[in-house]
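Notes follow the structure.
The values are calculated or read from the model by the stated rules, or taken from the named source; none is laboratory data. Model, not experiment: these values are computed from the prediction. Positions of Cβ are backbone-derived with ideal geometry, glycine not excepted, and every protein chain shown enters the neighbour counts.
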Amino acid sequence: MSTQYKDYYGTHMPFGQFPKFGVLSSVKVLMTGTNIAGPFAASIMAEMGAQVVQVESPNMPCQTRGNYGYSQDHRNTYSITLNTRTAKGKEVLEKLIAWADIWIESGRPGTYAKNGLSDEHMWKINRKLAIVHVSGYGQTGPDKNKAAYDVSGQAMGGYMYMNGTSPTSPPLKVNPYLSDYATAYNACICALSIMTNARITGEGDACDVSQYETMFRLLGSYPAEWFNKGYPGPGEPVKYRTGNVSDIAAGFSFYDCKDGGTIFIGMVGAGNTKKGYPLVGLPTPGDGTDPDFPEGMTGSLKSLPRGQRIEAAITKFCAERTCDELEEIFNKVGIPNQRAYEPGDIENDPQYAERENLVEWEDQIFGEMKGIGITNRFKNNPSQIVASAPCFGEHNREVLKDFGYTDEEIDALYKKGELATWTPADTARIKNFVEWHFFWDPERQAKRIGLEYPPKK
C-alpha cells in the first residue's frame, strides 16, 4: 500500500496556497450543494489540481459529513459556510463567482434565480463563468421540483429496469450510488467543456445535468432496440434481468468456484472458443469430431442445445476448481476471466499495489485511514492528493480575508449566524458516531454528542 500522501494529511491547507500541480492547476471551482453528485464532480477536479471551494449552509452541513466517504471524496478541497439567502451571504457568493472559472450547484432548480442569482446575473459578474446545474430531474419539465436521491435517477432513467435476478424478478438498484457518481463525472465533463469554450470565445455557458438523463444515456443501445423493435409490457418477463449470467451468450457469465468464490469467464469469439472449449471438455471447433462445433465458431446462443452443453461444461469445470486455479488455467491461454473481488482481494492484489490504488492518510476526523488513491493518470502533469477533507467551515476566515473582509467584519458575521465553524477538535468527536452521519435530524444528533447546533465560532 502506498503511503506517499501520508505526510500531507492532517495538516491545514491555507486558502490561496494550494500547491501547483496537475492538468487543472490554473482552474478555480466553486461548489454549492451537498450529498454526492455535485461535490464529487468538484473533488475529481481537485485531484487534478483545481482549487475547489465548497460552500455549505451554516445551519446544515453537507449531508455526507461524519462518515468515511466524506473524508475520502473531499480531499484537496476548501470548506466555507455561507447563507446565500441574506444580503451579506449573496455579497460573498458574488465575490466567489468573480473568483471562479466554474460554478457547480446542486440545489433545487430555480433556487438561486429566485434569490436574484440567476445565470445571467452571474455572467454580469464573470462573463466567462462555466455553470453546471446538477439535479435529479433537470431544470425544466413537470418533475423539475421533485426531490431526488441516487435511486431516483436509477429508477426513472431505466437502469433498474435492466437489472434483476431473473426475467420475472422485480427491478433491482445497483450499489453504491451509481447514479450519483455517474452524474458527477457527467457534470465534470460538461464543466470543463464550457470552460474550454469560454477561454476561446470569452463567453460562458450553463449546462443542465440531471441524474435520470445520465442514467438513461448509460443504457447504450437498449433504448433504440426498445422503441424500434418493441419491449415487454407491464408484468411481462424482462429478458435482461438475469443476474450474473448472460441472457444470450453461452460461456459468457459468472460461475461458482470450488472455494465459494465467483469468477467471470468470457469464452466467446473464434479464438477464445478454440482455446477454451477443449479445456473444459468440449470439442475443439473445426476438428471434425462434432458438427455442432464447426471451424470459426464464435460461440452459441444459450437457448440452443449446443449452448446448454457449453454452459454445463463450464459450470462443472469451475465448480471443481478454486478461483486461483481457474485464473491460472485461463490466463495461461488468454481466456478473459476475472474473479469477483472482495475487499480482502483488493487490499492484497499486486495490480492494485503497483498502481497505488490504495493509499493511507491522516484524516482530521478519523485519524489514520486507508482508501482510494488517484485513478486519473496523467503522464506529464500527474494528479495528487495534498490535503485531507476540510472541517466544516474550516476556511471561512481565510477566504473572507482574501476577499478584503476585516477580522471585525468576519466576527460580526459569526455573531449573526452568517458563518459557522467546527474546529478539528469538535469534528474529531464525530468519529465514534459514524452511524449517525448528519443526514437524519442534525440538531438532535449534534446535541447527542455535545456539540452546539447550529455550530458557532
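Each residue in the range 52-86 was checked for being part of a loop (DSSP other than H, G, I, E, B) and farther than 18 Å from Tyr112 by Cβ, and 9 of them qualify. Residues in the range 355-392 that are more than 13 Å from Tyr68 (Cβ to Cβ) and of a type in the set (A, V, I, L, M): 6 in all. The sole residue among Gly107, Gly141, Gly89 that is more than 25 Å from the chain's Cα centre (by Cα), not aliphatic (A, V, I, L, M) and not in a helix (DSSP H, G or I) is Gly141. Restrict the check to the range 136-152 and report whether at least one residue is assigned by TED's automatic domain parsing to the domain that holds Cys62, small (Gly, Ala, Ser), under 30 Å from Ser383 (Cβ atoms) and surrounded by fewer than 19 Cβ atoms within 10 Å (Cβ to Cβ). No - not one qualifying residue is present in the range 136-152. Taken over the range 297-348, the criterion of being outside any helix (DSSP H, G or I) and buried (at least 16 other Cβ atoms within 10 Å of the Cβ) is satisfied by Met297, Gly299, Ser300, Lys302, Arg321, Thr322, Ile335, Asn337, Arg339. A count restricted to the range 16-32 and to residues that are out of contact with any helix residue (DSSP H, G or I) (no Cβ under 8 Å at 6 or more places or on another chain) and surrounded by 13 or more Cβ atoms within 10 Å (Cβ to Cβ) stands at 5.
Among strands (runs of 3 or more DSSP E) entirely within the range 201-288, having at least 1 residues that are touching a Lys or Arg at 6+ places or on another chain (Cβ under 7 Å) and modelled with pLDDT of 95 or more singles out 262-266. Scanning the range 63-100 for residues that are hydroxyl-bearing (Ser, Thr, Tyr) and surrounded by 18 or more Cβ atoms within 10 Å (Cβ to Cβ) gives Thr64, Tyr70, Ser71, Thr77, Tyr78, Ser79, Thr81, Thr84. Applying the criterion of being more than 19 Å from Thr298 (Cβ to Cβ) and among the small types (Gly, Ala, Ser) to the residues of the range 224-273, the residue that is surrounded by the most Cβ atoms within 10 Å (Cβ to Cβ) is Gly261. Please work out which one of (1) out of contact with any helix residue (DSSP H, G or I) (no Cβ under 8 Å at 6 or more places or on another chain); (2) part of a loop (DSSP other than H, G, I, E, B) is the condition Asn35 fails and give its number. The one condition Asn35 does not meet is (1).
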